[in-house]
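The values are calculated or read from the model by the stated rules, or taken from the named source; none is laboratory data. What you see is a predicted model, and the numbers here were worked out from it, not measured in a lab. Cβ sites come from the backbone with ideal geometry, for glycine too, and all protein chains shown count toward neighbours.
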Amino acid sequence: MYFGLSEDQEFFKDNVSKFLQDHAPLDIIKKIIEDDEHDLKNNIKNGLVNLGINSLLIPEEYGGLGLDLLFATAVSQSLGENIAPFSFLSSYVMAPIALINGGNTEQKEKYLKGILENKYKFGVGFSESISARNDFGFIFKDNKINGKSIFVLDADDVSHLLLADENGVIGVVDTSDKNIEIIKLTTVDKTRSYSEVIFKNASIDVLENSITDIEPLKKSIDAGRIILAADSLGASEALIRKAVAYSKERKQFGRAIGSFQAVKHMCAEMASDLEPCYSLVWHAAHCFDNIPDESRLMACHAKSHVSEVSKVISKKATEVHGGMGFTDLMGIHYWFKRIGVNRQNLGSPETIREEAAKIQNL
Amino acid sequence: MNLNYGPEYKNFKKEVISFCKKWEGVHFVDEAKSPLTPITKVGGKKITRTEWQSILIKEGYFARSIPKEYGGYGGESDVIKNRIIATEFSNHGVPSPMSGQGIDMLVPTLLELGTEQQKKQYIEKTLLGEIIWCQGYSEPNAGSDLASLQTKGELVDGNWVINGQKIWTSTAQYSQMMFCLVRTEPEAKKHAGISYLLIPMETPGIEIRPLVDMTLKAGFNEVFFTNVTIPEANIVGKRGEGWAVANATLTHERGSLTNPNATMNRVNSLINIMKKETINGKKLIDIPVYRDKLMTLQAKVMAFQSNSLRVLSAKLNPGQDVKMAGMIQKYYGTELRHELEGFAVDVMGEIGTLYESSPHLRDKGSWQFLYMYYLGLIIGGGTSQIQKNIIAERGLGMPREPKVQEV
Ligand SMILES: Cc1cc2nc3c(=O)[nH]c(=O)nc-3n(C[C@H](O)[C@H](O)[C@H](O)COP(=O)(O)OP(=O)(O)OC[C@H]3O[C@@H](n4cnc5c(N)ncnc54)[C@H](O)[C@@H]3O)c2cc1C
């Protein structure tokens, strides 16, 4: 029995972190966001792809690494820790899992290879299947899609979109289709992109096995939730580390603020709240990979619990930094905002807890 | 990640299950000494606690790694087997082995630091429940700041003569023995002047005054010492080393105060109540705010369970770093349990406040009782605030409080 990340997982995770620390420190991220520096962003993307990040979950028969979700979870922690301006969730987790489970042979061959060869990138629009809004929604009919989807994840600069309708059927749309319009949304989190997409009789390739089976969609959402939880976990870890480091440096009343118990206790509370989250998220990923019966509930609880914990951490860590914490200079708000948006993606905590209750027939 | 215990444990689990089936419904003829002793079903076999302890030891389900010569089973220590035993006993409603400060704290201390004579004299009887121990650490003016304790011990003609007072001593009124911290070296510095003594509670000069606690059930005590005289040999470790000896046991205590699986069992009991009870024609489980809070707590308990698997893993895989995961357990576990029990009271509303032998009690009033009991555990064994100091200073490396000039 061994509960924790394996050496390989730790090693890969550290490599991702190291790459990001070297190539995507906060000042670079700020440049990308403020000046829309495409080249800088592409450097980061290419560097991560060179590490093999796009092939983690692609099965070996399609030339990928065929690793499990726990591996991707470890990577996601690093991405969150370093607020990476990179869309991992859609292209490299949710799309592969939806395709593996929902695609027919041809579809898998085409799209999985495309991801692997770095030719295809995906945005994911599953909001309508999780919490549909009255003025959004679309219909698949005769291989055409009509309507609109809101909060499509990572739709910036991608070749394809993955959409799921209210019945859980998944379809792939090519973004070069003239009959779609992608409108960028502005959230507080500028490290990743969120869009609204309007479809006017655009062509759609419906994933064959998703027509009669809801599992491809559910699995993709479960995985996405675990990956988002891991992202917030990593971001929270970074915040605690920053708060503790700052508290040792900053002096007031002639002593380090970290020696004041009020500050110390905020940090201890953050650490105590976060520590079990590592285990919960890894356990959820392990269940996803090996114990399907327990997987969905674990994914729900991991996402909603980590969302709650990291929200509080993002507040307290900001407070420990005092006025500095509120400035753009220090940049704590990037982590605060990333956590804030992760919390709502693929279901707010309340939405997910209701699902968790239903899963248990409560 | 590998959560399989391995094939050899499959058989072990089967053995434990068949043992549990055989003893299902067993209950005790003698009174429980601790309010937390599991409630057993009525019917089935009757047995004394001591008989039960000796059956468990013989099977290797208790005192597994304690050598035979001291009354244990004499096997290898095996955390996985311990976990299987605990899980199956709880699943089958078979009473757990006794626990308490003697078993959880004193026995490990004696095994580590006691003399041969002390091990022979005390361990077996403690395991069998023939000697109940109490912990005489806290004093009226030495709680969190335990090392400032003032109860005095002087060596006179080959005997320790003890004078002073202890307080909040749990189970003192039922105990045969006390392990006690006493200041024996008044000239030495605060931490270096303490010794760890073993005191028979029947010694003349000891007066026990029960102190009613908020549950009205558990009950701790004040213990007064007036020229209490015990043999010089009743010391564990050397003179002035008592602080180190006590610290060995405090780690054992903190580990034993919270059990995530027992907490999850409480979540399940609460779910049963919420499915049954209705308010204004609506089942409690269908009331959105309660439903949401229940799921919030279930997730938190799950996180705590996973955390404890990680702590367990580190015992099997030396070198795995889980320092923080271990350090947070007392604080996290007691606060979580208190929150859960209190939530159950809220969910039941007025019915949840019924107590003692009132009509309409739910689950024998255990929710209200444990809601208060766990407030006691948040305070006892190092308060939450002290835990946070430890987590911040030793876990996160934050600077200590500047020392106040001692007077
Ligand atoms: C149910 C129960 C059972 C117990 N059983 C035993 C027993 O069997 N044997 C035994 O010896 N003792 C026992 N105790 C005593 C227990 O160990 C003490 O109550 C505990 O250590 C706190 O000490 P105190 O009560 O003196 O509180 P104090 O130390 O006076 O604390 C009062 C408040 O001040 C805070 N505080 C104190 N120092 C600090 C600090 N440095 N930083 C921040 N906050 C601080 C505390 O957190 C607390 O909130 C028991 C207590 C309880 C509640």
Find the residue count for the stretch B:378-405, including only residues that are within 14 Å of the ligand (Cβ to nearest atom), at pLDDT below 95 and away from chain A (no Cβ under 14 Å). 2
Restricting the stretch B:179-231 to residues that are of a type in the set (Gly, Ala, Ser) and away from the ligand (no atom under 16 Å from the Cβ), which is farthest from the other protein chains (Cβ to nearest Cβ)? B:205
Which condition number in (1) under 28 Å from residue A:244 (Cβ atoms); (2) away from chain A (no Cβ under 12 Å); (3) aliphatic (A, V, I, L, M) is the one that residue B:375 fails? (1)
Test residue B:307 against the criterion of being buried (at least 20 other Cβ atoms within 10 Å of the Cβ), outside the structural domain of residue B:143 (by TED's automatic domain parsing) and under 26 Å from residue B:247 (Cβ atoms), and give yes or no. yes
May I ask you to say which residue of A:236, A:232, A:279, A:307 is at the interface with chain B (Cβ under 8 Å from one of its Cβ atoms), out of contact with any His (no Cβ under 9 Å at 6 or more places or on another chain) and among the hydroxyl-bearing types (Ser, Thr, Tyr)? A:279
Hits in the stretch B:290-303 - residues which are over 17 Å from residue A:271 (Cα atoms), charged (D, E, K, R) and within 8 Å of chain A (Cβ to nearest Cβ): B:291, B:292
Considering every residue within the stretch B:327-347, establish whether at least one is of a type in the set (D, E, K, R), within 16 Å of the ligand (Cβ to nearest atom), at pLDDT below 95 and more than 30 Å from residue A:237 (Cβ to Cβ). no
Can you tell me which residues in the stretch B:367-377 are surrounded by 20 or more Cβ atoms within 10 Å (Cβ to Cβ) and within 8 Å of the ligand (Cβ to nearest atom)? B:373
Determine whether the stretch B:103-111 contains at least one residue that is more than 16 Å from the ligand (Cβ to nearest atom) and among the polar types (S, T, N, Q). no
Condition first: among the hydrophobic types (A, V, I, L, M, F, W, C), at pLDDT below 95 and assigned by TED's automatic domain parsing to the domain that holds residue B:153. Can you find one or more residues in the stretch B:189-201 that meet it? no
Among (1) crowded, with 17+ Cβ neighbours inside 10 Å; (2) at pLDDT below 95; (3) assigned to a loop (DSSP other than H, G, I, E, B), there is one condition residue B:246 misses while meeting the rest; what is its number? (3)
Residue identified as over 22 Å from residue B:275 (Cα atoms) and of a type in the set (A, V, I, L, M) among B:351, B:390: B:390
Just to check your reading of the model, which residue among B:279, B:287 is more than 9 Å from chain A (Cβ to nearest Cβ), touching a residue at least 60 places away in the same chain (Cβ under 8 Å) and over 23 Å from the mean Cα position of the chain (by Cα)? B:279
Please go through the stretch B:59-81 and pick out each residue that is assigned to a helix (DSSP H, G or I) and closer than 14 Å to residue B:8 by Cα. B:79, B:80, B:81
Kindly evaluate residue B:324 against the criterion of being of a type in the set (A, V, I, L, M), in contact (Cβ under 8 Å) with a residue 40 or more places away in the chain, more than 16 Å from the ligand (Cβ to nearest atom) and within 9 Å of another protein chain (Cβ to nearest Cβ). yes
Among the numbered criteria (1) more than 10 Å from every other protein chain (Cβ to nearest Cβ); (2) at pLDDT 95 or above; (3) closer than 30 Å to residue B:389 by Cα, which one does residue B:306 miss? (1)
Residue A:339 being surrounded by fewer than 21 Cβ atoms within 10 Å (Cβ to Cβ), β-branched (Val, Ile, Thr) and in contact (Cβ under 8 Å) with a residue 12 or more places away in the chain: no
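Conditions tested, residue by residue: (1) in a helix (DSSP H, G or I); (2) within 24 Å of residue A:86 (Cα to Cα).
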{"residue": "A:176", "(1), (2)": "no, yes"}
{"residue": "A:233", "(1), (2)": "yes, yes"}
{"residue": "A:248", "(1), (2)": "yes, no"}
{"residue": "A:277", "(1), (2)": "yes, yes"}
Just to be sure before I move on: is residue A:264 part of a helix (DSSP H, G or I) and more than 9 Å from every other protein chain (Cβ to nearest Cβ) in the structure I sent? no
Odd one out for residue B:400, checked against (1) out of contact with any Asp or Glu (no Cβ under 7 Å at 6 or more places or on another chain); (2) free of Cβ contacts under 8 Å to residues at least 12 places away in the same chain: (1)
Residues A:274, A:346: which one is at positive phi and more than 8 Å from chain B (Cβ to nearest Cβ)? A:346
Would you pick out the residues in the stretch B:118-136 that are surrounded by fewer than 24 Cβ atoms within 10 Å (Cβ to Cβ) and within 16 Å of the ligand (Cβ to nearest atom)? B:131, B:132
If we keep just the residues of the stretch B:157-175 that are away from the ligand (no atom under 16 Å from the Cβ) and touching a residue at least 40 places away in the same chain (Cβ under 8 Å), which is farthest from the chain's Cα centre (by Cα)? B:158
